Amino acid sequence: MYDRFAGGHLLVTGGAGFIGSSYVRDVLSRRDGTTITVLDTLTYAGNRGNLARVEQDPEQAARLRFVRGDIADPVVVGPLVREADAVLNFAAETHVDRSILDPEAFLRTGVIGVHVLLEACRRETDRAAAGDRDRPPRFLQVSTDEVYGTTDVGRWVETDELAPRSPYAAAKASGELLVGAYRVTYGIDTVVTRGSNTYGAFQHPEKLIPLFVTNALQDEPLPMYGDGLQQRDWLHVLDHAAGIDFVLRYGSSGETYNLPGGTELPNREVIRRLLALLDKPWSLVRTVPDRPGHDRRYAMNGSKLRALGWRPRVSFDEGLADTVRWYRDNEAWWRSIRSGDFESYYERQYGDRLARGRPAGDRAAARSTES
């Protein structure tokens with residue numbers, strides 16, 4: 001298949017975040033001449049240190065430009081899109097718990113920011129039509145399986161109805177609708193990816209796996225929502241980044257692609273496995289009051305993308321072991337993040353819940369509940 005972006009220039013918004021930085025590290029490590037501009041406002045979820053490996057390599061560093069700025073600022077965005085062959089929008093406030101506490105921040109990034117990026121792409125599409133640039137930029141919107149809502153049976157396909165149930169998911173769904181509208185109205189070249197629950201190195205410790213790993217390493221309680229039987233499909237960050245790149249290069253314009261990981265597990269089982277890897281007792285787990293509107297199950301059908309030749313490669317057991325090992329070996333990284341503002345967020349989110357929590361039962365009870 002022809003790859004028109006090989007050796008091109010990519011604008012990666014949110015490129016200092018968890019999935020975005022994994023994408024940047026992967027693409028630049030190929031040493032194929034591709035250049036990348038990262039645009040990131042460096043909120044709590046963005047960390048310039050996530051790009052340290054690239055910036056310490058002279059050849060890769062020469063092909064990376066970092067711009068600190070907001071995707072909702074057209075003055076910043078316009079010139080960067082003008083230089084780009086493709087725009088990949090990873091930028092997002094991503095944690096559902098935080099969206100419940102502060103919905104407005106999610107709307108600014110997930111809706112207004114997407115609008116500003118699309119407006120810049122529209123101008124560049126018009127310039128291409130007028131012969132002022134070789135071709136219009138491709139716009140890739142990184143979305144999530146959470147836009148589908150929740151399901152008891154079956155697996156979602158890309159044409160299923162969107163039914164988001166949290167401010168985060170609603171913001172992502174709104175961004176997708178804007179992308180579709182700009183595609184139809186202005187003829188912009190767009191693709192959308194919907195990834196499942198992602199895990200791996202460099203993930204902010206607010207999310208389930210890194211939160212529970214870092215808590216367990218400190219012998220602190222693990223706040224498990226409700227009965228812990230919420231089902232999630234797990235996708236390693238390396239596979240997620242690779243799937244996004246595959247869609248950028250080979251996806252059909254105007255299409256949306258599911259990116260499932262292929263390992264569906266209840267949260268309780270994920271916790272059991274990571275405690276086993278850490279050799280920590282189940283007695284650390286506390287069942288705490290659930291968050292409002294907690295989706296029970298996510299499950300996507302990935303056959304559309306598999307038909308193009310892509311599938312995930314990292315097994316969950318291998319990926320989880322590697323992830324636990326990374327957090328064990330990189331204590332300085334996560335301790336710096338878990339200080340300051342994180343402490344106040346953690347107390348706000350879990351303080352009262354932990355005070356009202358109770359022991360989650362022993363491992364044998366957990367296994368019997370899972371079966």
Matching residues in the stretch 268-314 - criterion: being aromatic (F, W, Y) and either over 16 Å from A216 (Cβ atoms) or free of Cβ contacts under 8 Å to residues at least 40 places away in the same chain (or both): Y298, W310
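Let's see how each residue does on (1) hydroxyl-bearing (S, T, Y); (2) open to solvent by 30 Å² or more (accessible area, probe 1.4 Å); (3) in contact (Cβ under 8 Å) with a residue 60 or more places away in the chain:
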{"site": "I19", "(1), (2), (3)": "no, yes, yes"}
{"site": "T35", "(1), (2), (3)": "yes, yes, no"}
{"site": "N50", "(1), (2), (3)": "no, no, yes"}
{"site": "D57", "(1), (2), (3)": "no, yes, no"}
{"site": "R63", "(1), (2), (3)": "no, no, no"}
Residue in the stretch 95-118 that is in a loop (DSSP other than H, G, I, E, B) and more than 27 Å from S21 (Cβ to Cβ) present: no
Test: V213 is crowded, with 19+ Cβ neighbours inside 10 Å and in contact with a strand residue (DSSP E or B) (Cβ under 7 Å, 6 or more places away or on another chain): no
Qualifying residue in the stretch 319-329 (condition: open to solvent by 60 Å² or more (accessible area, probe 1.4 Å), within 19 Å of the chain's Cα centre (by Cα), in contact (Cβ under 8 Å) with a residue 60 or more places away in the chain and at negative phi): yes
In the stretch 330-371, the residues that are modelled with pLDDT under 90, among the acidic types (D, E), open to solvent by 70 Å² or more (accessible area, probe 1.4 Å) and in a helix (DSSP H, G or I): D341, E343, E347, D352
Meets criteria (touching a Pro at 6+ places or on another chain (Cβ under 7 Å), open to solvent by less than 10 Å² (accessible area, probe 1.4 Å) and on the phi < 0 side of the Ramachandran plot) for L222: no
The lone exception for R98 - which of (1) open to solvent by less than 50 Å² (accessible area, probe 1.4 Å); (2) among the basic types (K, R); (3) at pLDDT 95 or above it fails: (3)
Leading residue by the ranking (most open to solvent (accessible area, probe 1.4 Å)) among those in the stretch 252-282 that are touching a helix residue (DSSP H, G or I) at 6+ places or on another chain (Cβ under 9 Å) and more than 19 Å from L320 (Cα to Cα): E255
Residues satisfying the stated conditions in the stretch 152-185, i.e. closer than 19 Å to P292 by Cβ and touching a strand residue (DSSP E or B) at 6+ places or on another chain (Cβ under 6 Å): K172
In the stretch 126-169, the residues that are of a type outside the set (A, V, I, L, M), crowded, with 20+ Cβ neighbours inside 10 Å and outside any loop (DSSP other than H, G, I, E, B): R138, F139, Q141, S143, T144, D145, E146, Y148, W156, P167, Y168
Subset of the stretch 170-194 (residues that are in contact with a helix residue (DSSP H, G or I) (Cβ under 6 Å, 6 or more places away or on another chain), open to solvent by less than 50 Å² (accessible area, probe 1.4 Å) and part of a helix (DSSP H, G or I)): A171, K172, A173, S174, G175, L178, Y182
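The values are calculated or read from the model by the stated rules, or taken from the named source; none is laboratory data. These figures come from a predicted structure and were not determined experimentally. We place every Cβ from the backbone using ideal geometry, glycine too, and count neighbours over all the protein chains shown. For accessibility, only protein heavy atoms count, side chains too; no ligands or nucleic acids. Shrake-Rupley method; radii C 1.70, N 1.55, O 1.52, S 1.80 Å.
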